[in-house]
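The structure appears right after this line, and notes come after that.
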Amino acid sequence: MAETIPVLKLLIQAEECLRKSGLWETEQPDEEALQSQQPFALDTLLPQQWLQWIFIPKMREMIEKESVVQGFCISPYFEEVWKSESDKSELIELLHAIDRECR
C-alpha cells in the first residue's frame with residue numbers, strides 16, 4: 001500500500017485542482033458517454049470529464065485493491081488538448097507527476 005500513497009495524494013490534488021478551476025461537475029454524464037471505447041472517451045467526454053468520471057475513480061478503485069496499473073502516460077494528451085489554456089498548467093503538472101509515479 002505504501003507505493004500507492006503518492007498516487008492517491010496526486011489524485012486528490014488533481015481533484016482539488018479540477019474543483020478550484022471550476023471544471024468539476026455535479027452531474028455525471030449519461031451511461032452511454034461513459035462507455036465510450038475511444039481513448040480518453042474523446043468522442044463523448046470533455047478531457048476534464050474523463051479525468052473526473054473515468055480516470056480518478058478507476059485509479060482510486062485500483063489503489064483500494066492495491067493494484068495500481070504501471071506503464072501509462074496520459075499527460076501528453078492533456079498537453080495537446082489544453083496547449084492554449086495556460087490556466088490548466090497546474091493540472092497538467094499533476095498529471096505529469098501521476099505519470100512519473102506510475103511508470
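The magnitude of the dipole of the chain, with charges of +1 and -1 set on the Cβ of Lys/Arg and Asp/Glu and taken from the Cα centre, is near 340 debye. Helical content of the chain, expressed as a calculated mean residue ellipticity at 222 nm, amounts to -14500 deg cm²/dmol (DSSP H runs of 4 or more residues, -39,500 (n - 2.57) each, divided by residue number, nearest 500). When every Cα-Cα distance of the stretch 24-76 is counted in 10 angstrom steps from zero, the calculated P(r) takes the values 22, 51, 26, 0 percent.
Computed over the stretch 59-103, the alpha-carbon pair-distance distribution with 5 angstrom bins reads 5, 23, 24, 20, 15, 9, 4, 1, each value a whole percent.
Evaluated at q = 0.15, 0.17, 0.34 Å⁻¹, a Debye calculation over the C-alpha positions of the stretch 1-45 (equal weights, vacuum) places log10 I(q)/I(0) at -0.58, -0.71, -1.01. In the stretch 1-68, what percent of the accessible surface is made up of carbon and sulfur (1.4 Å probe, ligands and nucleic acids excluded)? After summing per-atom areas, the C and S share lands at 50 percent.
The average projected area of the stretch 9-103, computed from the convex hull of its Cα atoms over all directions, is 6.1 nm². The slack in the chain from GLU85 to LYS58, taken as 0.36 nm per residue of separation less the alpha-carbon distance, amounts to 7.1 nm.
The values are calculated or read from the model by the stated rules, or taken from the named source; none is laboratory data. Computed from a predicted model, the values in this text were never measured in an experiment. All Cβ positions, glycine included, derive from the backbone under ideal geometry; neighbour counts span all protein chains shown. Just the protein is used for accessible areas: all its heavy atoms, side chains included, with ligands, DNA and RNA removed. Shrake-Rupley method; radii C 1.70, N 1.55, O 1.52, S 1.80 Å.
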